[in-house]
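Below: the structure, in C-alpha cells.
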Amino acid sequence: MSDDVILETEGLQLAYGAFMAVDGVSLRIRRGTIHAVIGPNGAGKTSTFHCLTGERRPTGGRVLFEGREVTRKPANARVGLGMARSFQLTSLFQNLSVRENLRVAAQGRDGARALTFWRPAESRREHLAVADEILERLALTARADTAAGDLSHGQQRVLEVGMALAARPRLLLLDEPTSGMGVDDIPVMTRLIGELGREYTVMLIEHNMSIVMSISDTITVMHQGKVLVEGPPEVVRADARVRSAYLGEAA
Amino acid sequence: MANVYVFQVLNGLGLGMIYFLISVGLTIIFGLLNFVNFAHGAFFLLGSYLCYTTVAWTGNFWLSLIAGPLVVGALAWVAERVLIVRVYHLPHTFHILITLGIALIIQESAIMIWGPVGKSVPVPELLQGVVRFGNFAYPQYRLFLIVFSAVIGLLLWLLLERTKFGALVRAGSENPEQVALLGTNIFRLFSLTFALGVALAGVAGVLSAPLRGAHPFIGTEVLGLAFVVVVIGGMGSFSGALVGGLLVGLVQSLMTSIWPQGASLMIYGAMAAVILLRPYGLFGRA
Amino acid sequence: MADARSMTPAPAAAATAPAAGPSLLRGITLLTVAAVIVLPLVLPSTTLAAEILIFAMAALACNLLLGYTGLLSFGQGIFFGGGAYVASLLMIHLGAGLFTALVGAMVFGAAVAAVVGALAIRRTGIYFVMLTLAFSQMAYFVAYTLSDWTGGDNGLLDVPRPPVAIAGATLVDLSDPAVYYAFVAVLFVAVFVAARRIIHSPFGSTLVAIRENEGRAAALGYDTRQFKILAFSLSGAITGLAGALYAMLLNFAPLSNIELVMSEHILIMTIIGGTGSLFGSILGAAGIVLLGDLLSAVWPRWMMLLGIVLIGVVIFMRGGLWGGVESLYDTIRARRAHRRTAP
C-alpha cells in the first residue's frame, strides 16, 4: 500500500443477521482528496461509515488507517490516530457555549491527558487557541459565548463539522453534512467543505447530488451493500448503472 | 419433614402472588407511561392501613378488599393529575424524585394517622380455619390469598388482552404517538393506567394485612422487592411479573428458616446479574 | 436508547457558564469559608454544625456524580456506611490513628465506588439507577449479616475519636465538640476547594461534556467509561471520608448509615440544595439537617415537609435552593440595571 492512501478497507462486511448491509467493500481514500460515498437509501453507505468511525465492528474484512489496522479499535481510540467525524443528526453539547464545545473537542484529541484534574481547564491555552481559530474559520466568533443550542440550525450544522476539525485530524469523516439544511445554508457548507479539502483529506457520505458533483475528487457509488462504480465526478455522472440504480429508487 | 417443605412452598406461592400483584402494577405503568413509580411501595402500605381501618370500623374484611384499592386508586389518580402529569416529559430522574416525595408524604401521613407502631389485622372470620389434606393442614386464608390473586391476575390479563382499554395500553406501550393519532385522549389513558397499576398495589396491601399487618416503614422494602421482580421478569412484561414474583416469593419462603438475609442478598444479586447479563429481563421485549 | 442527558436533572447553571470568571470562583470559596465560620456561632451546638458539614461533604460528593456527570446513584450509602465501618474497625481492632482511619475510609470508598461504578455504567438510564439500587441493598444485607464485625442491627459501638497526632505525640485533642468541629471544618474546606478545582479542570469539563452528550464525547476521543469510573471513585472517596467523620462524631456506626434510606437522604439533600452547584450542597445539607433537628422535637413528622419540598423543587425550582438564589440575584441585578437606564 502506498503512502498516497490514507484510509483503506479490504473486503469490508457488516451483517445484521442474514442481511448483508455492507458486502465486501474495498475503498481506497487518497491523501489530500475529497472522497464522497453516495448511493440510494439502503445502499450501505451509512453502515460503511459506521465501520470506518468505529461505531460498528465489521463482521468481515479490514480497515487500515495510514497502514495501521484499526478494524477493532473503539471509536474514541481512533481520534488520537488522526481520524475525526461529524454526525448526520447534529450532536453538540447544547447547554455549553460554542467556544466550550470546541475547546472540549480540541481537548479530546489528547485522550488520557484530559484526566488531569488539578489544573483549571482554561490553563490549557493550546486548546482554547484551537477553539478560537476554528471559531474564526466558521465565522462564529461573534457567537462564541452563546449556548450551542441557541445557534440557528445552519450554524449548528457548521459547528458540527467544526467539532471534528477541532481534533486536528488528518482524515475528516463527514456524515451527510448538509442533512436537514435549508437551501440558503447549503452553499455555506459546500464552500466550507471545499476549503477543508485543500488542507485535509475529507471522506463524506452525502445525499445531495449537486454538492457531491461539485466538490468531490472521487466518488464511490454504492448499491445493495456493494461498490457499483468508482471514479471522478464526470465518469460517475455518465455511468448508466448509476442512473438506473437511482432511477430504481425513484420508481 | 416433607410437609414442612410443602408448607413453605405454599407460603412462597402466596407471598409470590402478592409480589406479582405489586409488580404487575409497576410494570404496566412502566410499560405504557415509561414512568418509574418510586411511590409504589408507599401505596401498598396505604392499602394495608386502609384494610386495618375498615376492619376496625366495620369488622368487615371484604369491604376493605373493595374500599382499599378504590381509595388507593383514587388517590393515585389525583396524584397523577395534579403532580405526575407535569413531569412525564422530563428525564427519569425527575420521575424518581417526585415519586420519592409522594412516598415520603404517604409514609409520614400514615404515621400521623395510625402511629409509628405497626397494626395487626385479624384474619377474616370466614377463613380462620385450616384446610386438611390427610395429616397436612394449611391455613384457609393463605389458600384464599393464592386463589384470589390468581383470579385478579386472570381478570387483569383479560382486561389487557380482550378489551379496547387493554389494546390501547398495549399499543401505547409500543408507540404512544400512534395511539394519540387514533384520537384517544392519551392523557386520560395514562391517568387510568396509573390509577389501575397503583390500585393493584393497594389490593396487594389489603391482602397481605391479615398476614403481616400494616407497618409504616415497609414501603421501601416492598418497593425494592417489586423492582427485583420487575427487573427479573423484564420491565413492562405481564408474564415476567408473574414468574418473577413467584420466584422471589419461593426463594424468600424457602430461605426463611435457613438464612433470611441470605435470601435478600441472593435476590438483589440476581437483580444486578439480570440487568448486567439480560437487561430486558427473562421475559422482556428487546 | 435514552439520550445521554436522560439522567441529567436541571441543566446546571454553574457548570453551564464557563464564562464565570475566577473572581466568582474565589467568591464562592470565600462564601464557603464564611459559612463554615458562622455556622457554629449561630447554631445551638457545634455538634449540629459538624453534622451539617459532614452531610454537606456527602452531598457534594453526590453532586459530582449527579450534577456534573449526570449519574443518579442510589449507592452513596454504600460508601458512607462503608467508610464509617472501615474507619471504626481500623481504630477498634488495629488501634489505627486518626489519619490512618480517615485515609482507610477514603481508599475503601474509592475502591468500592470504582467497582460499583464500573458495573453500573454498563447500563444507562433507569437500568443504571436500578443497578446502584441493587448494590445498595446488597451492601446493606452484607453489613447486616457480618454482625460480628459491624454489630448488625445494634451498630458498631464505642467508636473512638483519636487525637491529631504526629509520631505518637498528641497535637490536638478532638474530644471537645468545638475542636472537633474545627477539624471537620478544615477538612470540609479542603474538600470543597479541591472539588472546585476538579470541576474546573480538563477532567471536570469532560465530565460535564459527558453529562451533556456522551455519544459526542466518545466521538471526540474520550474514553467515557474511564471518566465515569473515576468520577465514581472520587465521589466514593469523599463520601467515605464523610462517613468516617460521622462515626467519630457519634462515637457510633449505626447500620442505618448503609441503608437505602441514607442514599435517598444524601440524594435529596443534593437535589434540594441544587444540582450542579457545590455551594448548593451546603445549603441542601444545612437545610435538611437543621429542619430535622429543629422540627423533630416539635413535629416528629417533619419528613413530610421534606416530601413536599422535594415535589416543589421538581415542579417549580429545578435548580434547587442555589438555583433559586441565583435567579433572585439575576432578577435584582436586572431591576437595578433597569433603574439605572431609566431616566
Helix-only [θ]222 nm of chain C, DSSP H runs n ≥ 4, -39500 (n - 2.57) each, per residue, nearest 500
-24000 deg cm²/dmol
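Sort A:Glu8, A:Glu230 by heavy-atom solvent-accessible area, probe 1.4 angstrom, most to least.
Values: A:Glu8 20, A:Glu230 85 Å².
My answer, sorted largest first, is A:Glu230, A:Glu8.
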Using r as the Cβ-Cβ distance of A:Arg137 and C:Tyr329, and R0 as 35 Å, what FRET efficiency do you calculate, to the nearest 0.05?
0.40
Accessible surface of A:Arg62 - all protein chains present, 1.4 Å probe, nearest 10 Å²:
90 Å²
In degrees between 0 and 90, to the nearest 10, how far off the longest principal axis of chain C does helix C:260-273 point, with axes built from Cα atoms?
30 degrees
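With the other protein chains left in place, how much accessible area per residue, in square angstrom, belongs to the range C:231-293 at a 1.4 angstrom probe? Intermediate results must be reported in sequence, preceding the final value.
Values: 1070 Å² over 63 residues.
On a per-residue basis, 17 Å².
Ranked by accessible surface with a 1.4 Å probe, highest first, in what order do A:Asp175, A:Asp110, C:Asp153 come? Walk me through the numbers on the way to the answer.
Details: A:Asp175 5, A:Asp110 35, C:Asp153 110 Å².
Putting A:Asp175, A:Asp110, C:Asp153 in descending order of accessible area: C:Asp153, A:Asp110, A:Asp175.
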So how much accessible area does C:Tyr329 have, in Å² to the nearest 10, using a 1.4 Å probe?
130 Å²
Which whole number gives the average, over all residues in C:222-231, of C-beta atoms from other chains lying within 10 Å of the residue C-beta?
3
Approximate spin-label separation C:His338-B:Glu174, in nm, with each point projected 7 Å along Cα-to-Cβ
5.3 nm
In square angstrom, rounded to the nearest 10, how much accessible surface does B:Trp77 have for a 1.4 Å probe?
120 Å²
So how do B:Phe44, B:Phe238 rank on accessible area, 1.4 Å probe, biggest first, that is with the largest at the start?
B:Phe238, B:Phe44
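For a Förster distance of 60 Å, can you work out the FRET efficiency between the beta-carbons of C:Asp176 and A:Glu126, rounded to the nearest 0.05? Please list the in-between numbers first.
On the way: r = 51 Å, r/R0 = 0.85.
After rounding, the FRET efficiency stands at 0.70.
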Going by alpha carbons, how many degrees (0 to 90, nearest 10) lie between the helix axis of B:186-212 and the longest principal axis of chain B?
10 degrees
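Quick one, what does Rg over Rh come out to for chain A if you take C-alpha atoms and the Kirkwood Rh? Walk me through the intermediate numbers first.
Numbers: Rg = 18.3 Å, Rh = 18.8 Å.
Here Rg/Rh amounts to 0.98.
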Losing no less than 10 Å² of accessible area (probe 1.4 Å) relative to the isolated chain, the residues of the range B:231-270 are B:Val231, B:Met235, B:Trp259, B:Gln261, B:Ser264, B:Leu265, B:Tyr268, B:Gly269
Computed from the beta carbon distance with a Förster radius of 56 Å, FRET efficiency for A:Asp150 and A:Ala18 to the nearest 0.05 stands at 0.75
Please say if the protein assembly as shown is rounded, prolate or oblate, where rounded means a/c under 1.5 for a ≥ b ≥ c the square roots of the C-alpha gyration tensor eigenvalues, and otherwise the choice is prolate for a/b larger than b/c and oblate otherwise?
oblate
Against the longest principal axis of chain B, how steep is helix B:61-82, in degrees 0 to 90 to the nearest 10, with axes from Cα atoms?
20 degrees
Interface area, B with C, accessible, probe 1.4 Å, both sides summed, Å² nearest 100
3900 Å²
Roughly to the nearest percent, how much of the accessible area of the protein assembly as shown is carbon and sulfur, given a 1.4 Å probe?
63 percent
With the Cα gyration tensor of the range B:165-286 giving a ≥ b ≥ c as the square roots of its eigenvalues, does the rule (a/c under 1.5 for rounded; else a/b larger than b/c for prolate; else oblate) give rounded, prolate or oblate?
oblate
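The values are calculated or read from the model by the stated rules, or taken from the named source; none is laboratory data. Model, not experiment: these values are computed from the prediction. Note: ideal-geometry Cβ built from the backbone for every residue, glycine included; neighbour counts use all protein chains shown. The protein model used for the area step is the full one, side chains on, heavy atoms only, and it has no ligands, DNA or RNA in it. Shrake-Rupley method; radii C 1.70, N 1.55, O 1.52, S 1.80 Å.
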